[in-house]
Amino acid sequence: MKYYRLVEIYKRDVYFHQDDQKNQVKSYELESGVSSFSIESIYYKVDKLDKYVNKYDMLPSVGAPLVSLKMKCFLEEIANNACEFFPAIIVDEKGEMNTDFFALNILAVSDCFDEQKSEYDMTANDPKKVGRITSIYFNYQKLGQEHIYRMSIRPSMIVVSEAFVEGYRKNKLKGLLFAKEGSRLRPEFLD
């Protein structure tokens with residue numbers, strides 16, 4: 001089974017930021033692969049809520065990914081054990097709200113980064129920590145049977161299986177591209 005890296009797309013260049021001041025948990029805590037148990041809602045902030053926001057099934061996010069109800073249902077089918085969901089409240093600078101999305105906590109984390117094939121630099125302040133990644137390859141022996149994972153080396157990077165891609169397309173979901181292994185600076189995407 002092949003795997004691909006998720007790349008979120010949206011009509012304009014914007015990110016929906018998890019609002020760490022309003023939330024019970026910090027954004028990095030939802031990238032750890034640990035269940036966050038009883039969270040009532042997760043708040044996000046954005047400069048403005050676009051009229052077309054609900055046409056997307058995954059939004060470009062900083063923190064836990066934001067997914068539509070349609071994407072949530074798909075993920076519950078294909079990756080139920082690897083995900084949990086929390087109601088999300090998106091608030092823009094004018095105070096307008098959108099409550100149509102869910103924060104996705106991906107519980108499956110894999111050490112699938114192939115250090116031998118991938119190209120990367122180590123950080124200057126911690127020579128044991130990976131810094132800039134210019135190309136990404138996966139160690140398939142470290143990927144199990146789940147269809148969605150966070151990469152342990154970079155928890156914001158999400159890896160999905162071919163079955164995920166097929167289901168995504170079959171369900172006519174919107175908001176993602178699937179990057180093949182290789183250059184991160186000039187990624188090659190699935191057609």
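None of the figures in this text is laboratory data; all of them are computed from the coordinates on show. This one's a predicted model, so the numbers in the text were calculated from it and none came from an experiment.
In the range 104-191, what is the volume of the convex hull around the alpha carbon atoms, normalised per residue and reported in Å³?
118
Past the 22 Å Cα-Cα mark, which pairs from Lys72/Lys170; Lys48/Lys172; Lys51/Lys170; Lys45/Lys172; Lys48/Lys72? With Cα atoms farther than 22 Å apart: Lys48/Lys172; Lys51/Lys170; Lys45/Lys172; Lys48/Lys72.
Computed from Cα atoms alone, the Kirkwood hydrodynamic radius reported for the range 13-129 is 15.6 Å. Between the range 33-96 and the range 107-177, the C-alpha centres lie 20 angstrom from each other.
Per-residue ellipticity at 222 nm, computed for the chain from helices alone with -39500 (n - 2.57) per DSSP H run of at least four residues, works out to -3000 deg cm²/dmol. Straight-distance candidates among the lysines for linking to Lys129, with alpha-carbon spacing under 27 Å and chain neighbours fewer than 8 residues away dropped: Lys2, Lys26, Lys117, Lys142, Lys180.
Rounded to the nearest Hz, the phi-derived 3J(HN,Hα) couplings of the range 88-98 under the Karplus curve 6.51 cos²θ - 1.76 cosθ + 1.60 (θ = phi - 60°) are 10, 10, 9, 10, 9, 5, 8, x, 5, 10, 9, where x marks glycine and proline. Residue by residue, the range 67-78 carries 3J(HN,Hα) couplings of 10, 6, 4, 4, 5, 4, 4, 4, 5, 5, 6, 8 Hz when phi is fed to the Karplus relation 6.51 cos²θ - 1.76 cosθ + 1.60 (θ = phi - 60°); x denotes Gly or Pro. Computed from backbone phi with θ = phi - 60° and the Karplus coefficients 6.51, -1.76 and 1.60, the 3J(HN,Hα) list for the range 25-32 is 10, 7, 4, 5, 5, 7, 9, 8 Hz; x is used for glycine and proline.
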